[in-house]
Every structure is written in C-alpha cells, then in structure tokens.
1. Here are the criteria: (1) among the hydrophobic types (A, V, I, L, M, F, W, C); (2) touching a residue at least 60 places away in the same chain (Cβ under 8 Å); (3) not assigned by TED's automatic domain parsing to the domain that holds LYS109. Tell me which single one LEU57 does not satisfy.
2. When the residues of region 19-39 are narrowed to those that are part of a loop (DSSP other than H, G, I, E, B) and touching a strand residue (DSSP E or B) at 6+ places or on another chain (Cβ under 7 Å), which ends up nearest to GLY76 (Cα to Cα)?
3. Among the residues of region 54-69, count how many are more than 11 Å from the chain's Cα centre (by Cα) and in a strand (DSSP E or B).
4. With the condition kept exactly as written, say whether any residue in region 33-54 is among the β-branched types (Val, Ile, Thr), surrounded by 13 or more Cβ atoms within 10 Å (Cβ to Cβ) and at pLDDT 95 or above.
5. Identify, from the list LYS39, LYS106, the residue that is of a type outside the set (S, T, N, Q) and in the same structural domain as ASP7 (by TED's automatic domain parsing).
6. Taking into account only those residues within region 4-22 that are in contact (Cβ under 8 Å) with a residue 24 or more places away in the chain and surrounded by 15 or more Cβ atoms within 10 Å (Cβ to Cβ), which is farthest from the chain's Cα centre (by Cα)?
7. From the set of residues in region 73-107 that are touching a Lys or Arg at 6+ places or on another chain (Cβ under 8 Å), among the small types (Gly, Ala, Ser) and surrounded by 12 or more Cβ atoms within 10 Å (Cβ to Cβ), which is modelled with the lowest pLDDT?
8. Can you confirm whether region 70-82 contains a residue that is in contact (Cβ under 8 Å) with a residue 24 or more places away in the chain, in contact with a Gly (Cβ under 7 Å, 6 or more places away or on another chain) and assigned to a loop (DSSP other than H, G, I, E, B)?
Amino acid sequence: MRIKVNDTVEVITGKNKGKRGKVMSIDRKSGRAVVAGVKQVSKHVKPSQRNPRGGILKIEQPVQLSNIMFVCPLCGKATKLGARFNEEGTKELFCKKCNATVQTVKGEKAKADK
C-alpha cells in the first residue's frame, strides 16, 4: 500500500462510506489503519487514577486498508496512486486521475543510474 500516516483518505465501502479523514496509524501486518472520525465506537470506562471521571469515550477502530482510498490533495478526488521515475531519476507517486505528482519517494533511484 502507498498510504502513509497523515494522508487524507476516503472510505469506499461499508457503514462509513464517503467519510474522509486523516490516517492516524497503520498496522501493515494486519492490513488495517485507524482513520480520524471514521468507525467510532463508544467505550464505557470506569473511574480510575488515569481517568478520574470515567464515562463513555468515543474511540476510532481500525479499518481494512482495502476499504479506504487515497484522496489527491490537488484535485480532491479519491484515486489510486501510481509510481514512476522522474527526470532526475528519483521515484515519485502520482495521482492517476489528474496525473500530478503527490510525493517523491526518498532513497529510490532509477535502475539505469546504478
């Protein structure tokens, strides 16, 4: 997956379809990501030293990576990301809808340079 922390994503399926939010964390091993404002559940918490008042907390649950799609910051549409090498020989990610460069991947050089 080319989705990273702090990317804006849109949920493409399920109860929260159409909601957008920033990726807070990613667990690549289980293939899930926590997105702000998406898939919130209520957790009942007893009073403790850490949380003296207790009560009901709203927390986000992880969403499958296959159920979210990257949102291009330039065109604002949910899109797939492609990878290509630019003129300098460094790898970059681009939006497949508007063909604009989204970010450059550090440390990746074209094989022709080696």
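1. So LEU57 meets the others, but not (2).
2. Here the residue is LYS19.
3. 6
4. yes
5. Result of the check over LYS39, LYS106: LYS39.
6. The residue in question is ASN16.
7. My answer is GLY89.
8. no
The values are calculated or read from the model by the stated rules, or taken from the named source; none is laboratory data. Everything numeric here is computed off the predicted structure, so don't read it as measured data. Note that we place each Cβ from the backbone using ideal geometry, even for glycine, and neighbour counts take in every protein chain shown.
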